[in-house]
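See below for the structure under consideration.
The values are calculated or read from the model by the stated rules, or taken from the named source; none is laboratory data. Keep in mind the model is a prediction, meaning the values are calculated, not measured. In case anyone asks, the SASA skips ligands and DNA or RNA and just uses the protein heavy atoms, side chains included. Shrake-Rupley method; radii C 1.70, N 1.55, O 1.52, S 1.80 Å.
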Amino acid sequence: MNNKQNKKKKSFAQWYLIFMIVLLLVDFLVIPLISDAKIEQTSYSEFLTYIDNKKIEEVQIEDNEIYFTVKGDDKTYQTGQMYDPDLVNRLDESGAEFSQTIQQETNPFIYFLVSFILPMVLLWALMRSYMKRISNKMGNDQMTFNQGDGFGFGNLSKSNAKVYEGVKTGITFNDVAGQAEAKENLQEVVDFLKNPKKYEEIGAHLPKGVLLVGPPGTGKTLLAKAVAGEAGVPFFSISGSEFVEMFVGRGAAKVRDLFKQAREKAPCIVFIDEIDTIGKKRDGSGLSGNDEREQTLNQLLAEMDGFDGSKGVVLLAATNRDEILDPALTRPGRFDRRIPVELPDLRGRESILKLHAKKVKMSDDIDFNVIARASAGASGAELANIVNESALLAVRDGRKKVLQKDLEEAIEIVIAGEQKKGAVISTHERLIVSYHEIGHALVAAKCKDTAPVHKITIIPRTKGALGYTMQVEEDQQNLLSKDEIYQRIMVYTAGRCAEELIFGSVTSGASNDIEQATKLARMAITRLGMSDQFGMVALETVNNQYLGGDTSLACSTETATKIDEEVIALVKQAHDDAYRILEDNKMKLHELAKYLYEKETITGDQFMYILNKPVEIAAPQE
Ligand code: ADP
Ligand code: MG
Ligand code: ZN
């Protein structure tokens, strides 16, 4: 870096020299050229000879010089003045005329122009062309000395600087449906960006960094953009995953660059998406491979500490998991405000669906509430996707508007994958799937605390499911009672139960059900205190500190074995209860399975109708 400064000093001296030379040249060459263009120097003795020969036409006597013209010659001559008291008489006798106009003073304006402006212009032009050459050269120069320094790529990050050109997002809170709490929290940031003075006057400090935490697709990126849009400030963003792809040393350089530009454009927003990719806990093992990430993280921390919140740069970051972030990032003065961005609830889902439906031509009689209820657990991104898929379905069907059934089909596409057209499934397999799905639905219908059946289908899906039973919650459910959890486990096991009851054998089709049932049972026992034996003791904790969010048992291995036993017992009991329900309703099971087998897809209403009418049909034959 010394190198560079030397260069600067040298070039300043050089410029001084060049300036002086130009000035001298102008003084000695240009000024005489324009002012004394036709004046010729002569000696005093020659002047006297002209007088003696009476050749002088006009003469002008100044303080120190004498200017004169000669007969038969259009030149003007100049000579020095010598003390000669008789000079005027002699000139008079020689017939010379006295004049005041032979040597005119140079026009002061022109003089100023020539002696001052002209050198400036010349100098400026010279400087520009010189600078251009230097900057062209610099690119190469810097590359070489960066390599010498061993840090490299400094100039690359510079040329990439445009990546973060602050953009006006044009997105506002109106583009974000639901998420009322998050919006409310962020409103303060908007207010601050719009009116930093108000905060400054009172001495209030806004948190430097705001962390948006929530599952993927819940609108974190969207919210960050909306904050910028609401405040009308530029939006600088970079994603953590971009850093990972970088060459050594570039991550830190990018961070530096990003903040430099943001500071110039303040007030503005700097948004770091997926911050967990660079902000993961440092393990301190000192093994390389994380060096790059650590350098980037350190640079980020340094930049955060280096800027003053009142300058109007607000840092936003988003992550799916904040437990794995390095504590250095989340401590006071860094990302110390955490805003949860949760999966939307029933009302949220409905408003997100409606918002995205505005971009699509929809039939007037769409019931978004039904769609919202059928898509429990879906994120904002998935809901947006459902609306889009429904439009694609309508187009495929040659229609100009989206119908209710398109949306319902779209839910399945987004959640379970597209219908697998032409997939060959034997009739026997289809029959098993029919019984399996009716098993789920029947037990669900018989348990009063579970969600009603909305739709059952045995059309295979690309995501692997051979059939699908959709249950739709009546309302948003946040708290599950012990009974509800138990009944859910029953419904999960019921598919397998139906296979056992009817075919006396089991298939691999229930693997997902078993997984879900086990998970639920385990959670009920270890974390919700639903086991009689263990009661209110949390046996499992979400272990953020060291295992990146995995759960780990907080009990002895002895207890762990007991937990396993309890889980097995709970699932077994639920299975047996479900089995009994199916056994008690075997005729209905046959009737409904046959109906589903023929129709492939039936609605919840059709299902309930057949379930509630008297038994009349015998079991279907293969
Ligand atoms: P995240 O950053 O949380 O993963 P995004 O902000 O990238 O989620 O959301 C992806 C897309 O999902 C958005 O562009 C938007 O179309 C849609 N979306 C998500 N949440 C919402 C919401 N609350 N309102 C409207 N659209 C949403
Ligand atoms: Mg995102
Ligand atoms: Zn199943």
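A few points about this structure:
- Between the C-alpha center of region 568-600 and that of region 303-351 there is a gap of 48 Å.
- Reported to the nearest whole Å, the Cα centre-to-centre distance from region 429-455 to region 47-69 is 129.
- Relative to one another, the C-alpha centroids of region 175-214 and region 492-508 are positioned 55 Å apart.
- Note on region 311-385: with neighbouring protein chains present and a 1.4 Å probe, carbon and sulfur make up 48 percent of its accessible heavy-atom surface.
- Considering every alpha-carbon pair of region 264-385, the percent of pairs per 10 Å bin, from zero through the bin containing the longest distance, is 11, 30, 22, 21, 13, 3, 0.
- The candidates Ser94, Ser45, arranged from most to least accessible area with a 1.4 Å probe in the full protein assembly, appear as Ser45, Ser94.
- Ordered from highest to lowest accessible area with the whole protein assembly present and a 1.4 Å probe, Thr79, Thr42 read as Thr42, Thr79.
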